[in-house]
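Asks: Got a structure for you, questions after.
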Amino acid sequence: MANYKLTHIDLQAPRTELHDLLNLTGMELSFNNLPAGGAVPFVHKHKENEELYLVLAGSGTLFIDGEKLPIKAGDAFRIDPAGCRSLQAGPEGLTQICIQAKAGSLESFTMGDGQLVSDGPQPEWVKKG
Ligand code: ZN
């Protein structure tokens, strides 16, 4: 069984959820496009999952716990599970990625969890040491 799964998504689609497409087990990632002036038509919170939003293009408004904050491309924000949130796109639309994972579940990351592999197959761009 392969140690990976590859998919391809339509970057113009309104919303794509990768959990089922990639059999994700520790996170959900959605890629979202709101058209100009479009909005998420509800406010929601989560039971256990925090969310990281990364705005890739456009601008808009983050509604969070009754507050409204302007957001734009390059902004990244994390929301606690209990945060009551919604999004509205500005005049140029809003493209964002949302990553959802269980709050408090990450024990190590980057090279705290990664391990360099020097035995076995290597691509040509890795210099033999
Ligand atoms: Zn959510």
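Asks: Tell me whether the stretch 46-58 contains one or more residues that are touching a Pro at 6+ places or on another chain (Cβ under 9 Å), without any contact (Cβ under 8 Å) to a residue 40 or more places away in the chain and surrounded by 12 or more Cβ atoms within 10 Å (Cβ to Cβ).
Replies: yes
Asks: Scan (1) within 11 Å of the ligand (Cβ to nearest atom); (2) more than 24 Å from Thr7 (Cβ to Cβ); (3) under 15 Å from the mean Cα position of the chain (by Cα); (4) surrounded by fewer than 17 Cβ atoms within 10 Å (Cβ to Cβ) for the single condition Leu87 breaks and write down its number.
Replies: (4)
Asks: Do the conditions hold for Ser30, that is, is it surrounded by fewer than 17 Cβ atoms within 10 Å (Cβ to Cβ), in contact with a Phe, Trp or Tyr (Cβ under 9 Å, 6 or more places away or on another chain) and in a strand (DSSP E or B)?
Replies: Spelling it out, it is not the case that Ser30 is surrounded by fewer than 17 Cβ atoms within 10 Å (Cβ to Cβ), in contact with a Phe, Trp or Tyr (Cβ under 9 Å, 6 or more places away or on another chain) and in a strand (DSSP E or B).
Asks: Continuing with this model, one more query. Got at least one residue in the stretch 1-24 being within 16 Å of the ligand (Cβ to nearest atom), surrounded by 14 or more Cβ atoms within 10 Å (Cβ to Cβ) and either in a loop (DSSP other than H, G, I, E, B) or touching a residue at least 60 places away in the same chain (Cβ under 8 Å) (or both)?
Replies: Scanning the stretch 1-24 turns up at least one residue that is within 16 Å of the ligand (Cβ to nearest atom), surrounded by 14 or more Cβ atoms within 10 Å (Cβ to Cβ) and either in a loop (DSSP other than H, G, I, E, B) or touching a residue at least 60 places away in the same chain (Cβ under 8 Å) (or both).
Asks: Restricting to the stretch 27-65, what's the tally of residues that are under 13 Å from the mean Cα position of the chain (by Cα) and away from the ligand (no atom under 16 Å from the Cβ)? If you could, list the steps in order and put the result at the bottom.
Replies: Our first condition is that a residue be under 13 Å from the mean Cα position of the chain (by Cα); within the stretch 27-65, this holds for 27-33, 49-56.
This time we only want the ones that are away from the ligand (no atom under 16 Å from the Cβ), so: 33, 56.
Residues flagged as under 13 Å from the mean Cα position of the chain (by Cα) and away from the ligand (no atom under 16 Å from the Cβ) within the stretch 27-65 amount to 2.
Asks: Would you check which residues across the stretch 73-93 are among the small types (Gly, Ala, Ser), over 12 Å from Tyr53 (Cα atoms) and not in a loop (DSSP other than H, G, I, E, B) and list them?
Replies: Listed by number, the residues that qualify are Ala89, Gly90, Gly93.
Asks: I'd like the full set of residues that are in a loop (DSSP other than H, G, I, E, B) and out of contact with any Leu (no Cβ under 9 Å at 6 or more places or on another chain), limited to the stretch 37-60.
Replies: Gly37, Pro41, Phe42, Val43, Lys45, His46, Lys47, Glu48
Asks: Name the single residue, out of those in the stretch 66-83 being of a type in the set (A, V, I, L, M, F, W, C) and touching a strand residue (DSSP E or B) at 6+ places or on another chain (Cβ under 7 Å), that is farthest from the ligand (Cβ to nearest atom). Steps first, please.
Replies: Going residue by residue through the stretch 66-83, those that are of a type in the set (A, V, I, L, M, F, W, C) are 69, 71, 73, 76-77, 79, 82.
Still in the list and also touching a strand residue (DSSP E or B) at 6+ places or on another chain (Cβ under 7 Å): 69, 71, 73, 76-77, 79.
Details: Leu69: 17, Ile71: 15, Ala73: 21, Ala76: 15, Phe77: 13, Ile79: 8 Å.
Among those residues, the one meeting the criterion is Ala73.
Asks: Is it the case, given these coordinates, that Gly104 is assigned to a loop (DSSP other than H, G, I, E, B), within 14 Å of the ligand (Cβ to nearest atom), under 19 Å from Met27 (Cα atoms) and modelled with pLDDT of 95 or more?
Replies: no
The values are calculated or read from the model by the stated rules, or taken from the named source; none is laboratory data. Just so it is clear, the model here is predicted, and its values are computed rather than measured. Because the Cβ atoms are built from the backbone with ideal geometry, glycine has one as well, and the counts that use them run over all protein chains shown.
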